[in-house]
Amino acid sequence: MTAGLVVVGGTSASAAAGCRVDYTITNQWDTGFGANVTITNLGDAVSGWTLQWDFAAGQSVDSGWGGSFAQSGSTVTVTNAAWNGSIGTGASVTPGFNGKWSDSNPVPSSFKLNGVACTGSTTGTSTSTSTTTSTSTTTTTTNQNPPGGLVGWATQNGGTTGGGSSSSVSVGNSSALASAVSGTSASVVRVTSSFSCSGMIKVGSNKTILGASGVTISGCGLTLSGSKNVIIRNLSFSGWDDDAINVESGSTNVWIDHNSFTNGYDGAVDIKRASDFITVSWNRTYNHGKTMLLGHSDGNGSQDIGHLRVTYHHNYFDGSGTRHPRVRFGNPVHVFNNYYRDNEYGVASTMNAGVLVEGNYFENVDEPTLVGYAGSDPGALVQRNNYFVGSGSPESAGSVASIPYSYSVDNASGVKSTVVNGAGAGKISV
């Protein structure tokens, strides 16, 4: 697959201008793909930009971020978002999108920024036009991750983009947050102040919720019920009176990333009742007992079988007690590259679930993996390439369905350092 393309072409301009476009196919499946389009400004600073290219094989843009996307025939036009319209000399911006393809998916051969062809170099006042050529670099990789760092089950079923490139709204209390995340219209919601509340705030579909640095929600949580296409990142939750994040009733395509959870009543992240296509990544739980439940009850099999497909990766289970996760019915559930420290147990597979547990670091964990738990029937669990320090013996049984997406597994011995340094709120810029 062509993973990067630098386009070189002729131009006509009345002032110094220049740009380079790197078009990267980050993920590709049966009828869809994801791509990043990095624009590097090589000329004078621009304030406001429009990028255009043509697809050569009937591809189409499905949803995008980092700009407003439009398509007419084969021509795609992307205009800047409110927050990234200025590109200084030597600076870059990277809009991205999920698209569809059929017979083939070649990279575009040329791009124009504000009507000027990107050449890979600057041009002056000359009006001459040179012959268009192109050079490409082919990269082979086993880790073809979609844009924004998303890996796992949330990349499937059409992908997860949340509010996409919608203009953002800032909120600083529970009532403003509840209003901003209601309904199904696409929106990006930035929580800019800490606040206290009680109960659960309902989150609708097509939402991205981002926490500013240091923001904590105390006393309440977020609930997704039948919601689709939701991203929750960089928030801290403490002292919630129900769950911190509850995902239920057929919610799909959810990404819960780089959040922190402490001292709550029930689950930090509970997923249940036929919810599906979810990734839980780079979160930290500490000073808390019941952490992440997957599947509501043993009697829920009729609605849960065939659902509850969730990926848990690079989470820091920092002295939290149990459920990391406890799994019912879901198959395959994927648990990789997490760091477990001082836990009662790590992963439990029950009620005919199928869980792949690989490349994790278990330190002082009484029971790293369990097959069956607390009266629930056993499930299948495959554990491989994990690292154990001062921990009990892992249990395993049976086989697990295959993982359909591309991913890479870090060496388990290095996971502790990677996750401690990277997991939790405040470790990313949003």
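Just checking: which of the strands (runs of 3 or more DSSP E) contained wholly in segment 46-94 hold 2 or more residues that are without any contact (Cβ under 8 Å) to a residue 24 or more places away in the chain? Can you show your working first?
On the way: elements: 50-54, 60-65, 68-72, 75-79.
The qualifying strands (runs of 3 or more DSSP E) are 68-72.
Given the criterion among the hydrophobic types (A, V, I, L, M, F, W, C), surrounded by fewer than 16 Cβ atoms within 10 Å (Cβ to Cβ) and modelled with pLDDT of 90 or more, identify the matching residue among Ala91, Ala70, Ala82, Ala117. So that I can check it myself, show each step before the final result.
Details: Ala91 fails: modelled with pLDDT of 90 or more; Ala82 fails: modelled with pLDDT of 90 or more; Ala117 fails: surrounded by fewer than 16 Cβ atoms within 10 Å (Cβ to Cβ).
The match here is Ala70.
Out of (1) of a type in the set (S, T, N, Q); (2) assigned to a strand (DSSP E or B); (3) at pLDDT below 85, the odd one out for Thr140 is which?
Among (1) of a type in the set (S, T, N, Q); (2) assigned to a strand (DSSP E or B); (3) at pLDDT below 85, Thr140 violates only (2).
Return the total of residues in segment 339-366 being assigned to a loop (DSSP other than H, G, I, E, B) and more than 14 Å from Val310 (Cα to Cα).
Of all residues in segment 339-366, those assigned to a loop (DSSP other than H, G, I, E, B) come to 342-344, 351-353, 359-360, 364-366.
Next cut, more than 14 Å from Val310 (Cα to Cα) only: 342-344, 351-352, 359-360, 364-366.
The total comes to 10.
Filter segment 236-248 down to the residues that are buried (at least 24 other Cβ atoms within 10 Å of the Cβ) and within 17 Å of Gly211 (Cβ to Cβ) and list them by number.
Passing the criteria: Phe237, Trp240, Ala244, Ile245.
Looking at (1) on the phi > 0 side of the Ramachandran plot; (2) surrounded by fewer than 24 Cβ atoms within 10 Å (Cβ to Cβ); (3) under 19 Å from the mean Cα position of the chain (by Cα), which one does Phe277 not meet, given that it meets all the others?
That leaves (2) as the condition not met.
Residues in segment 412-422: is at least one touching a residue at least 24 places away in the same chain (Cβ under 8 Å) and in a loop (DSSP other than H, G, I, E, B)?
Scanning segment 412-422, I find no residue that is touching a residue at least 24 places away in the same chain (Cβ under 8 Å) and in a loop (DSSP other than H, G, I, E, B), so the answer is no.
Criterion first (under 19 Å from Asn283 (Cα atoms) and in a helix (DSSP H, G or I)) does Lys427 satisfy it? Give the derivation first.
On the way: under 19 Å from Asn283 (Cα atoms): yes; in a helix (DSSP H, G or I): no.
No; evaluated as a whole, the condition is false for this residue.
Would a scan of segment 348-356 turn up a residue that is more than 30 Å from Ser213 (Cα to Cα), touching a helix residue (DSSP H, G or I) at 6+ places or on another chain (Cβ under 6 Å) and either crowded, with 20+ Cβ neighbours inside 10 Å or hydroxyl-bearing (Ser, Thr, Tyr) (or both)? I'd like the intermediate steps shown before the answer.
To start, the set of residues in segment 348-356 that are more than 30 Å from Ser213 (Cα to Cα) comprises 348-356.
Checking the rest, the ones that are also touching a helix residue (DSSP H, G or I) at 6+ places or on another chain (Cβ under 6 Å) come to 351.
Then drop every residue that is not either crowded, with 20+ Cβ neighbours inside 10 Å or hydroxyl-bearing (Ser, Thr, Tyr) (or both), which leaves 351.
There is at least one residue in segment 348-356 that is more than 30 Å from Ser213 (Cα to Cα), touching a helix residue (DSSP H, G or I) at 6+ places or on another chain (Cβ under 6 Å) and either crowded, with 20+ Cβ neighbours inside 10 Å or hydroxyl-bearing (Ser, Thr, Tyr) (or both).
The values are calculated or read from the model by the stated rules, or taken from the named source; none is laboratory data. As the structure is a prediction and not an experimental result, all values here were calculated from the model. With ideal geometry, Cβ positions are generated from the backbone for all residues, glycine too; neighbour counts draw on all protein chains shown.
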